[in-house]
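**Q** Just dropping this structure here.
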Amino acid sequence: MSELATWQKQPDGRAVVWQHNQLAEARYELTAREQKLLLYVVSMIEAEDDELKRYVVNIAEFAELAKLDKDHLYQELRELAANLKRKALIIPNHYDSLTGRHVDLVTSWFDSAMIGRNGSGYFAVTISPQLRPYLLQVKREFFRFRLVHVMQMRSAYAIRLYQWLKRWEFRRVVEVSVADLRVHMGAVGFDEKGKRKENLALYPDFKRWAIKPAVNEINDHKDTDLRVSFEEIKAKGSRAVERLRFRMASLGKESPGFSLPEPQPELLLGDDVEQLHPDLIDELAARYGLNEKQRQKVANYQDQKGIEYLRQKVVVVEQQPRKNSAAAFLAALRDDWQPAVEMKKAQRQKKEKDGEVEERRQISVEEAKEAAKALRELRASLA
């Protein structure tokens, strides 16, 4: 195995963090400081890089950007790096090029850390190689933001929510189930084996300690480029909050004449490019409120039967109102529902018949008027 190149150029606040969309919805639990170290390192990746490197972190510059006490940070960084290597990162719907299947990838953010002895101040990390397609030359299905927008946030929930909102910023409005939002904000923990552990299990606690503080910090922070609000959507016939609807407004934070690069047409995550449409999977998940398990089922149908099969079933499902659109869509995929041609034909025939009746009725009325006029003229001539 060849030695990794070393990168020592430090990012400033204007450095851009690029990530594939799937990382915004990946499952992991990190503290605010762990996330800041991670994003600082990710921002060191250059747009033209085709390989990951050994990233040397200047502790003094990192501390200044994150507004941390550098005198005590060196010892803490050892623990932060260890946690970023130890804690599980689970990426659903990962394309495995060896099997040609979509799987749940269980990995970690950091692959290794090199820490100088005797307080020398040397600190370097390498990123898990499985993350190459999510961090290197990301040209499609990505989100990005300035490093400065998150480096001074205090709440781990705020940093996670901000990233997830940036992933959906182009929509301005996005809905999400409470269960999925817990994952996206890191309010659901996972151990080294990927086993789920609940935090803030009750929704009132989740709202009080995670959602509201995160939204307030994003809105109140002078360096963020978003303003956000949310409303609760209750389950039908219940008081229980089932979903949340977020609304976003982007603030112009860039200097005149400068703008962030826009997404390019494609990103290759595997060999079979034609079958990969994660953007459509995202659209369907948002449209029908699919959870992670249902989303995986849709991805499997896409692999097996192609993109057009999914689009046909969307048309079928939306031909008529559904009480449970998600269940109807999954049933349409499973049972190969066909368009209701006969029903549409019957409806058309009924319209045509109704039109003929109306036409006949109008003719009859005109005939009656003519007959009445003729009768009046006859009576006048006989008078």
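Where a number appears in this text, it was derived from the coordinates with a stated rule and is not lab data. Just so it is clear, the structure is predicted and the values come from calculations on it, not from any experiment. FYI the Cβ positions are ideal-geometry reconstructions off the backbone, even for glycines, and counts take in every protein chain you see.
**Q** What ranking do 182-189, 60-67 get when scored by the average of other Cβ atoms within 10 Å per residue, highest first?
**A** Averaged packing, sorted descending, gives the order 182-189, 60-67.
**Q** Among the DSSP beta bridges whose two residues both lie in the stretch 6-250, what percent are antiparallel, rounded to the nearest 5?
**A** If we restrict to bridges inside the stretch 6-250, about 95 percent are antiparallel.
**Q** Given 0.36 nm per residue, what is the gain on full extension from E318 to T31 after removing their alpha carbon distance, in nm?
**A** So the chain would gain 99.1 nm between E318 and T31.
**Q** Next question, about the same structure. Please give, to one decimal in nm, the separation of the simple spin-label points placed at D205 and D69, each 7 Å out from Cα toward the Cβ.
**A** Reported label-point gap for D205 and D69 is 3.1 nm.
**Q** Restricting things to alpha carbons, find the Rg to Rh ratio for the stretch 1-68 using the Kirkwood radius for Rh.
**A** 0.97
**Q** Further question: Extent of the stretch 273-335 along each principal axis, from alpha carbon coordinates, in Å, largest to smallest?
**A** On the principal axes, the stretch 273-335 reaches 35, 21, 18 Å in Cα extent.
**Q** For every other residue with a beta carbon closer than 13 angstrom to the beta carbon of L68, add +1 if it is Lys or Arg and -1 if Asp or Glu, then tell me the sum.
**A** Within the 13 Å Cβ shell, the charges total -1.
**Q** Now for a different question. Could you give me D for the stretch 6-250, from Stokes-Einstein at 10 °C and 1.306 mPa s, where the hydrodynamic radius is the Kirkwood radius over C-alpha pairs? Units µm² s⁻¹, please.
**A** Value of D from the Cα-based Kirkwood radius: 85 µm²/s.
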